[in-house]
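Only the coordinates and a few stated rules stand behind these numbers; no lab work does. A quick note: this is a predicted structure, and the numbers were derived from the prediction, not measured. Positions of Cβ are backbone-derived with ideal geometry, glycine not excepted, and every protein chain shown enters the neighbour counts.
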Amino acid sequence: MRKNYLWYNFFRFGIARAGLYLFYSNIEVIGLKKIPRNKPYIITPNHQNALIDALLVSSHIPGYSYFLTRSGVFSTPLMNWFCRSINLLPVYRARDGLSSVTKNNEVFEFCVDSLKKNYPIVVFPEANHDLRRRIRPLSKGFTRIAFNAEVKYNWELDLQIIPVGLNYSEHRRLRNRMKIIIGDPVPISKYKEIFKSNERAASNALKSDVSDEMKKIIMHVPNLDKYPAMQVILTDLENDVNEYLYPDKVNEKINKISPLLSDELIEVGKQVVEISNKFDISIKTINGRKTPWVYVFLFFPLYVFSWFNNIIPYQAVRRIIKTKIKDPTFDATIKYLLGITLFPLFWGLISIILWAAGVKGVYILAYFALSVLTSVNFKNANSIFSEAATKRKLDDLKANHPDLYKTFTEGIDTLNEFRKKVL
């Protein structure tokens, strides 16, 4: 047994997975049977949502896995110890210096030996993260590990590449839905003859095939120029998240819509998304995503308790994200990490205050348990205020920037009319 085996599994199931099921309203995994039981494999997920991606893979894909991670995460002795304790391995880039890049040889050799022991390796082949729903060009790191492993063991491993699609209903908000889809395995043996004659050609062929498989299991918008319009039409104006959480459905729509998008509509999409981002106005909210009042009525006491019980730590999280986090890709990660630490700490503080005030232990335990159980209601409770805030932002835009307001609202209407016409 590995020395960190118990801690690794406690972290990924007892901490990471438990926290994720509080953070998301639903997590569905499709295609687990495609993962081989008695063969080594490399997992290649898409990378849109920073650390959340790795947590989802580690807690929902079976196996004692190792994760390749950028070396900057290991910057302090404490982080170095923690990251290695949960099976993260540093990968060095050219910007880290030539001497640092040579350290990759040792890491890759460790990966090769781990594959021989049937320990999966997780590589995010896009090499960086991006909130946009598409597969970016893949780096060659995973191909190098794969071919090195087969060559070292005389092509007897039957190593497989397992594409994984991480699909989010919304990347940055909590209590949303997400779907993990396992793609069809890509066997390395398929490239044996190509590799013997031309290693670069084999690497490129493997990257191309894995990329194609990954594009089947997430929403993939090939044309970046059309992306803003596609985003508004297919996600922001869509109230049924199942329509874009199922890649086969949404990619079919992308293929249908793409040739019909005029230059004018493409420009409208860019303007709408630019204004939405600049003034932090949710297109989904103003388009009709509202808190169902029937739920507000039925669960009003729980909503009230959850809101008052969590608003203080929530404001701390909100302020940190607003003032300290420059890259929105990290929003969900920060919300998750602070959520599983600040909120329980706050409930614990309240429990201590209640204990000091002489409240019986049974009532304090009941308070803490209720805090955990009703934490999932906080989003809906707070969304009532969020919707009002969005309306105020829209009113402010109208009052202070009437031309942009007109461009924004008329642009949404134009894209919505197009959507209704073609879909």
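Of the trypsin sites (Lys or Arg not before Pro) found in the stretch 28-136, those in coil by DSSP whose Cβ has at most 10 other Cβ atoms within 10 Å are Arg37, Lys117.
Separation of the stretch 212-236 and the stretch 19-56, taken as the distance between their Cα centroids, equals 20 angstrom. With each label modelled as a point 7 angstrom along the Cα→C-beta vector, the Ala389-Leu6 pair spans 4.3 nm. Quick check on the chain: of the DSSP beta bridges with both residues there, what percent are antiparallel, nearest 5%? DSSP beta bridges in the chain are roughly 30 percent antiparallel. Helical content of the chain, expressed as a calculated mean residue ellipticity at 222 nm, amounts to -17500 deg cm²/dmol (DSSP H runs of 4 or more residues, -39,500 (n - 2.57) each, divided by residue number, nearest 500).
Taking 18 Å as the limit for the C-alpha separation, the pairs Lys278/Lys393; Lys249/Lys335; Lys216/Lys256; Lys34/Lys253; Lys215/Lys284; Lys116/Lys216 exceed it in the case of Lys249/Lys335; Lys34/Lys253; Lys215/Lys284; Lys116/Lys216. Here's how it looks for Ile217: its modeled amide H is under 5 Å from none belonging to a residue 5 or more places away or on a different chain. Placing unit charges on each Cβ (+1 for Lys and Arg, -1 for Asp and Glu) gives the stretch 350-423 a dipole about its Cα centre, and among Leu397, Ala366, Ser383 the Cα reaching farthest toward its positive end belongs to Ala366. One chain, two ends: Leu260 and Ala366. Fully extended at 0.36 nm per residue, the span grows by 32.4 nm beyond their Cα-Cα distance.
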